[in-house]
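Single-structure report; data block below.
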Amino acid sequence: MNDLVFNADKIVGSKYPTYVIAEVGQNHQGDLEIAKDLIKKAKECGADCVKFQKSCLPEKFTKSTLNLKYDSEHSWGKTYGEHKKHLEFSDEQYIELQKYATELGIHFSASAMDEISLIFLKKLNTPFIKIGSGDATNILLLEKAAKTGKPLIVSTGMCSMEDVDLIYKTIYRQHKNFALLHCVSSYPTKPCDANLGNIARFQSKYPVCIGYSGHEMGYNLTLAAVALGAKIVERHITPDKTWKGNDHSCSLNIVEFKSMVSAIREIEEGMGMEKRLLTCEEACWKKLGRTTSRTIEADNPITEDELVQ
């Protein structure tokens, strides 16, 4: 596995702790103060990074799409364009959020949802640029993202293995500093659809950092992904699962997110490979280990009758 190198003081890979991304996405409700509070809460939970989604609406969507009537219970406007505009922060607000995250000591990044947003995130100098599942097979965007030379993290929801092969080859032609995340784009994802065996499959096929982007209820599957070797995990975070918005119900609340990070660190601590009489076992060995009724000499082997407990 190649390590994913963000900068001189942050490397993600086989010898390093799992990199935990708190995905705010658009769970901020279009409110800058809620966004800042989520950054603060993510830091307090032990996350390594807080991530948003950056779009330039006229670049990403057609006029007809933006003008579509949008009367969902989760809508923030009469049209899809009004809805998305309400949830989209400006470039200046992103700069403010990044500054706030930096002051708190947590990485700040975002998914590039279009080429203009990609250019902006490069200028913002985020530690990496995320390409979400919706754009994973957008080869033109992938190529442009790879040519920036920035570290990339790509989710692979809705992709076949042939698609993942193409994603890998497209980026690998430009550089090797990227990661692939196994992902299922179902909200929430049922355990029977999680297909976590793909983590090992990716690891055996692609010599890059492999991770997991999860949308399941709770976090048991995420913990399983870590035990299976995922070195990056990404989960949505929310202040309240009942809030208006598509992602809140399958996000983790603050208590759950903190518990998940703690469990991940406990799993990592338990993944060693020593097999010998450990110091912690010596007390038990003294009580349960077999010994003899006399001193053992090289030329005088013991008999079964001389074994005592």
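Give me the tail of P(r) for segment 1-82 as a percent: Cα-Cα pairs with distance above 16 Å.
I get 67 percent for the Cα pairs in segment 1-82 exceeding 16 Å.
In whole Å, what is the distance between the alpha-carbon centres of segment 183-202 and segment 1-77?
Computed from Cα coordinates, the inter-centre distance equals 20 Å.
So what does the Cα-only Debye profile of segment 172-309 read at q = 0.20 Å⁻¹, as log10 I(q)/I(0), no solvent term?
Reported log10 I(q)/I(0), two decimals: -1.19.
Net charge near K78: determine it from the other residues with C-beta under 13 Å of the C-beta of K78, scoring Lys and Arg +1 and Asp and Glu -1.
+1
Using only the Cα atoms, work out Rg/Rh for segment 4-145, with Rh taken as the Kirkwood radius, to two decimals.
Here Rg/Rh amounts to 0.98.
What list of ³J(HN,Hα) values in whole Hz, one per residue of segment 149-155 in order, does the Karplus curve 6.51 cos²θ - 1.76 cosθ + 1.60 (θ = phi - 60°) give from phi, with Gly and Pro shown as x?
Along segment 149-155, the couplings run x, 6, x, 10, 10, 10, 7 Hz.
Quick one: accessible area per residue over the chain, 1.4 Å probe, rounded to a whole number of Å²?
51
Using R₀ = 25 Å, calculate the FRET efficiency as 1/(1 + (r/R₀)^6) where r is the Cβ-Cβ separation of I267 and M1; round to 0.05.
The formula returns an efficiency of 0.85 here.
Could you point to the residue in F120, A35, S75 farthest towards the positive end of segment 1-151's charge dipole, with +1 and -1 charges on the Cβ of Lys/Arg and Asp/Glu respectively?
F120
Could you check what % of the DSSP bridge pairs in the chain are antiparallel, to the nearest 5?
Counting DSSP beta bridges with both partners in the chain, the antiparallel share is about 20 percent.
When only Cα pairs under 8 Å and 6 or more residues apart are kept, what is the percent relative contact order across segment 203-245?
40
Over the C-alpha atoms of the chain, what are the Rg and the largest Cα-to-Cα span, Dmax, in Å?
Every Cα atom of the chain included, Rg and Dmax give 24.2, 94 Å.
Where the accessible area of the chain is counted over protein heavy atoms with a 1.4 Å probe, how much of it, in %, is carbon and sulfur?
On the way: 8250 of 15870 Å².
Of the solvent-accessible surface of the chain, carbon and sulfur hold 52 percent.
About the Cα centre, and with charges only on the beta carbon of Lys, Arg (+1) and Asp, Glu (-1), how big is the dipole of the chain? Nearest 20 debye, please.
With Lys and Arg at +1 and Asp and Glu at -1, about 820 debye.
For the chain, take the longest principal axis of its alpha carbons; what is the angle in degrees between that and the long axis of helix 91-104, to the nearest 10 within 0 to 90?
20
Normalised by the number of residues in the chain, what is the relative contact order in percent for Cα pairs under 8 Å and 6+ residues apart?
18
The values are calculated or read from the model by the stated rules, or taken from the named source; none is laboratory data. The structure presented is a predicted model; accordingly, all values stated were derived computationally and were not measured. So basically every Cβ, Gly included, is an ideal-geometry build from the backbone, and we count neighbours across all protein chains shown. The area values use the complete protein model at the heavy-atom level, side chains included, leaving out ligands, DNA and RNA. Shrake-Rupley method; radii C 1.70, N 1.55, O 1.52, S 1.80 Å.
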